[in-house]
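The values are calculated or read from the model by the stated rules, or taken from the named source; none is laboratory data. Worth saying up front: this structure is predicted, and the values here are computed from it rather than measured. So basically every Cβ, Gly included, is an ideal-geometry build from the backbone, and we count neighbours across all protein chains shown. To get the accessible areas, we keep the full protein, side chains included, count just its heavy atoms, and leave off ligands, DNA and RNA. Shrake-Rupley method; radii C 1.70, N 1.55, O 1.52, S 1.80 Å.
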Amino acid sequence: AIAVKEMLVNKYGFKETNIKLITDEEATKDNILKGFSDILTQAKEKDRVVVFYAGHGETYKLPSGGDMGYLIPVDGNLDNLYLSSIPMKSVYDIADMSYAKHILYLVDACYGGLTLSTTRGLKKDITPEYIKKMTRERGRQVITAGGKGEQVMEKAEWGHSAFTLNILRGLEDWTADTNLDGFITAEELGLFLKHRVTKDSDNQQTPISGRFTSHEGEFVFINNVNIEKQIINISTDSEKENVDNYKIYSLLTDSTVNDLKKEIE
C-alpha cells in the first residue's frame, strides 16, 4: 500500500493530502468503511479516485448457487463474514453513490461473486479522440488479483505479491502502455496484469477486470515525462521507417495532452 501510494504521488501527481492510508492494525472494518465514506462525501464531479486494497478476500456460497465476495479486515471473522467483513456489493454501492467521475478499484485479493461487464478488448488503433471521449464519461472499474479458489502468490524476492509487483512495474516503468500511445487506461492495465500475473504465479492466479456499472468511461493514467521520451525515440526511428508515427505522437504532446488533463482534472 505504501509503495502504491508513493508511485501515485511521484509518478502521477496525486496529492498526498488527498490520500488516506490505512495499514496493519488500523485496517479495521470501521476504519475502512470510514475511508470509503470520506470518498463518498468529498469527491466531486470531476474527481478521480483510486482505491487500492491488499489483504484477504473470501467467497461465501449463496443458497441460490451464486457467490458473494468479501474483503476481510484485520478484525474480520471468517465464521461470521456478514457481521465482521465488508461485502464487495457494499463497496460497489459506495462507488455508485459517489459524484466522482472515475473510480478504479485495485484489489489484491482473490474471491468470487464478481458481476462485471466484460471489457471491449484493447484496440491497437485507439486514437486521442477515443481517449477524450472515454474520459468525458463516468467510469466505475475494478481489477482483482484473481477469482474464487485462487490464492494470492507472494515471494520474498519480490517484496510484494505478484499482483502489486506488476501494478508497480506497469505504472512506474510504463510497460502497461502496451499500444505505446502515451496513456495507460484501466482496461489496458487490466489486460497487462492478466498476462503478467498469470505468468509470474505459474498459472495459479489470473486477474479479473471489468466494469460494475453500465458507465463506459475510462480511468486514464497520464505521465508527460514518458510521452516526451517516446517522442524522442520514435522521431529517430521515424526518419528511417515511418514518419506517420512521429506525427501521431507529436499530436499527443501538444494540445491533446493539455485537453485531456483539463478534461480529467
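Here is how the numbers come out for the structure above:
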{"read-out": "Selected residue [open to solvent by less than 50 Å² (accessible area, probe 1.4 Å) and either in contact (Cβ under 8 Å) with a residue 40 or more places away in the chain or not in a helix (DSSP H, G or I) (or both)] from Leu21, Leu8, Leu33", "value": "Leu8"}
{"read-out": "Extreme residue, surrounded by the most Cβ atoms within 10 Å (Cβ to Cβ), among residues of region 36-55 that are outside any loop (DSSP other than H, G, I, E, B), over 17 Å from the mean Cα position of the chain (by Cα) and not acidic (Asp, Glu)", "value": "Leu40"}
{"read-out": "Where a residue in region 134-156 is in contact (Cβ under 8 Å) with a residue 24 or more places away in the chain and closer than 25 Å to Ile184 by Cα and its partner, wherever it lies, is open to solvent by 30 Å² or more (accessible area, probe 1.4 Å) and not in a loop (DSSP other than H, G, I, E, B), with Cβ under 6 Å and at least six apart", "value": "Thr135/Glu263; Ile143/Ser209; Thr144/Ile208; Gly147/Ile208"}
{"read-out": "Residues within region 8-36 that are under 19 Å from Gly55 (Cβ atoms) and of a type outside the set (Asp, Glu), tallied", "value": "15"}
{"read-out": "Residue match in region 54-66 (condition: touching a residue at least 40 places away in the same chain (Cβ under 8 Å), within 25 Å of Arg138 (Cα to Cα) and not hydrophobic (A, V, I, L, M, F, W, C))", "value": "no"}
